[in-house]
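Let me begin by presenting the structure, written as structure tokens, before commenting on it.
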Amino acid sequence: MNRPARALAVTTLVVSAAILPVAPAPADVLPAATIPTGAQSLEPVNLPGWFVQHSDRLGRLGTVTSGSSAQAKSDATFTVVSGLASPSCYSFQATNGLFLRHRDYRVRLEGNTGTAEFRGDATFCPATGSVTGSVSLVSFNFPNRRLRHRNLELWLDPNQDTAEFRADSSFRLTAPWTPKTTKGPVIPGLFADPHITNFNGRYYLYPTTDGYASWSAPHYKAFSSTDLVNWTDHGVILNHGPDVSWADNSAWAPAVVAKNGRHYLYFSGGAASGNTAKQLGVAVSDSPTGPFRDALGTPLIRAGAYSGQAIDPMVFTDDNGQSYLYWGNGAAHVVPLNPDMISFNPAAVRTITTSGFREAAFVLKRNGTYYFMWSEGDTRDENYQVAYATGPSPLGPWTKRGVVLQKRLSLGIKGTGHHSVVKAPGTDTWHVAYHRFAVPAGNGTNREVTIDRMAFDADGTIATIVPTL
Ligand code: FUB
């Protein structure tokens with residue numbers, strides 16, 4: 001078959017993807033809104049008993065039965081996650097951590113490089129399949145092409161209005177061949193810097209969207225749960241592109257608080273041109289799941305106004321109702337927020353000096369003691385870790401107590417950091433959300449979110465947190 005050179009294909013995709021991210025559907029094929037995330041196997045509608053699998057890093061079909069080897073079952077199991085290039089589409093991650101992507105229109109299994117090309121090639125948008133309950137997967141980068149099987153191989157072929165093509169490109173998502181054996185990650189896919197909180201008895205998670213080169217994702221999603229196990233994806237709650245005039249990318253490390261009957265989302269972002277240094281903003285919404293709108297139209301903290309990078313915001317509200325904003329990378333700062341939650345007195349900003357501080361400040365209060373926590377090292381380094389100090393007030397002074405969370409190589413857990421902590425309402429039970437390199441194939445830009453227990457010893461020290469899979 002005559003296939004266009006890659007350079008030509010990429011030029012085509014930029015134009016077409018920008019105008020129309022999902023292929024125009026033929027009259028008899030309606031767009032399918034969602035498909036279930038989590039572990040799934042894909043069975044073509046016209047080849048029952050055969051499943052999408054990978055072998056030698058190429059996508060193909062193979063038969064799998066209950067008597068097949070564990071490897072064959074594993075090769076036919078994928079985790080469906082939020083699309084690497086678009087949160088309204090999907091990506092398919094194999095149990096070895098690699099993603100289904102197409103290259104030269106052949107479907108392959110490769111690690112996420114974070115480039116726009118890879119993310120687009122590994123993202124598929126759902127359309128209704130040829131039979132009830134089936135789905136057809138449209139390429140994000142090539143909206144006129146769909147995933148189909150041909151000679152038992154998986155290809156990305158031009159959409160054709162024929163019965164044969166419709167059947168070859170329609171799949172049922174079925175119970176996976178590989179049962180889930182571990183609890184994590186708590187939200188499928190690549191996310192980092194989780195901010196966990198509880199509003200009115202319901203838990204909320206606000207992470208950075210990960211898997212992008214240089215952490216350049218432009219949007220935030222929200223997730224909620226009643227049990228910290230089953231999480232509902234509420235979709236995108238703020239998108240720098242259309243929603244924030246001064247930021248285009250680097251939607252990093254959000255933190256959300258409830259106050260004044262509203263919800264305030266503190267976030268950082270960078271501009272694509274001009275001054276590209278990160279700045280910190282605040283957005284507001286009547287709902288914890290957005291949509292949020294930029295409250296100021298300008299940064300709350302401009303790049304260069306204080307030492308270090310203006311990233312990683314966190315707000316702690318004391319029992320008397322006074323809220324404090326903490327932030328920083330390289331240097332930590334704190335300032336009391338005004339009652340409107342979107343302004344402060346610049347003269348009241350203080351710099352916190354605790355040895356080892358890198359980023360990701362988090363503050364909690366328990367039994368009258370204030371705990372200032374942070375991440376040490378580089379998020380790209382497997383030694384990234386969490387430490388803490390205690391003090392008598394939200395402004396310190398702080399006494400360092402030590403490291404409480406670090407890698408656990410015996411389980412393949414690396415890069416544990418950028419955490420947040422939540423207390424189960426009405427109890428002394430505490431949970432810590434943090435990110436780690438995605439298991440097994442992750443790194444500093446392919447991270448995932450997990451939750452473990454955090455406990456206090458009788459003297460108030462934080463017991464070493466045990467990372468689990
Ligand atoms: O996710 C982007 C950045 O990486 C965060 O702002 C840092 O805390 C680090 O986790």
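The values are calculated or read from the model by the stated rules, or taken from the named source; none is laboratory data. Remember, it's a predicted structure, so these values are computed and weren't measured experimentally. Counting neighbours? That spans all protein chains shown, and the Cβs are built from the backbone with ideal geometry, glycine included. Keep in mind that these areas ignore ligands, DNA and RNA; they rest on the heavy atoms of the full protein, side chains included. Shrake-Rupley method; radii C 1.70, N 1.55, O 1.52, S 1.80 Å.
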Positive end of the charge dipole of the chain (Lys, Arg +1 and Asp, Glu -1 on Cβ, about the Cα centre): tell me which of L265, G211, I196 has its Cα farthest that way.
-> G211
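Tell me the relative contact order for the stretch 12-174 as a rounded percent, counting alpha carbon contacts under 8 Å between residues six or more apart.
On the way: 371 pairs, mean separation 43.1, N = 163.
Normalised by residue count, the contact order of the stretch 12-174 is 26 percent.
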Projected-area average for the stretch 329-445 over all orientations - Cα convex hull basis, square nanometres | 9.0
Per DSSP H run of at least 4 residues, take -39500 (n - 2.57); add these up for the chain, divide by its residues and hand me the 222 nm value, nearest 500 deg cm²/dmol.
-> -2000 deg cm²/dmol
What percentage of the solvent-accessible surface of the chain, computed with a 1.4 Å probe over protein heavy atoms, is contributed by carbon and sulfur atoms?
-> 52
Over all directions, what mean area does the Cα convex hull of the chain project, stated in square nanometres?
-> 23.2
What FRET efficiency, computed as 1/(1 + (r/R0)^6) with R0 = 35 Å and r the Cβ-Cβ distance, is obtained for N200 and Q160, rounded to the nearest 0.05?
-> 0.10
Sequence-distant lysines (8 or more away, or on other chains) whose Cα lies within less than 28 Å of K423 = K180, K183, K221, K259, K365, K400, K407, K414
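Once a ≥ b ≥ c are taken as the square roots of the eigenvalues of the Cα gyration tensor of the stretch 33-141, is the result rounded (a/c under 1.5), prolate (a/b larger than b/c) or oblate (a/b not larger than b/c)?
In terms of gyration-tensor shape, oblate.
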Separation of the T115 and V403 label points, Cα + 7 Å toward Cβ, nm = 3.5
Dimensionless Rg/Rh of the stretch 406-469, both radii on Cα and Rh by Kirkwood, sits at 1.02
With a probe of 1.4 Å, find how much accessible area the chain has per residue, and write the answer as a whole number in Å².
-> 39
Where a ≥ b ≥ c are the square roots of the eigenvalues of the C-alpha gyration tensor, would you call the stretch 291-384 rounded, which needs a/c under 1.5, or, failing that, prolate if a/b is larger than b/c, or oblate?
-> oblate
Can you give the Kirkwood hydrodynamic radius of the stretch 84-210 from its Cα pairs, in Å with one decimal?
-> 16.3
Förster radius 60 Å - calculated FRET efficiency between R150 and T351, Cβ distance, rounded to 0.05 = 0.45
Once normalised by the length of the stretch 191-454, the mean sequence separation of its alpha carbon contacts under 8 Å that are 6 or more apart gives a contact order in percent of 14
Measure nothing but the geometry: give the 0 to 90° angle between the long axis through the Cα atoms of 6-19 and the longest principal axis through the Cα atoms of the chain, rounded to 10°.
-> 70
Determine the relative contact order of the chain: mean sequence separation of Cα pairs under 8 Å and six or more apart, normalised by residue count, in whole percent.
-> 11
Equivalent ellipsoid semi-axes, the stretch 142-279, via Cα gyration tensor eigenvalues times 5, rooted, Å = 35, 24, 14
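Could you quote the convex hull projected area for the stretch 191-454, Cα atoms only and averaged over all directions, in nm²?
So the mean shadow area of the Cα hull is 13.1 nm².
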Consider a paramagnetic label point 7 Å from the Cα of D457 along Cα→Cβ; state which residues of the stretch 384-426 have an amide N under 17 Å from it.
-> 387-391, 399-406
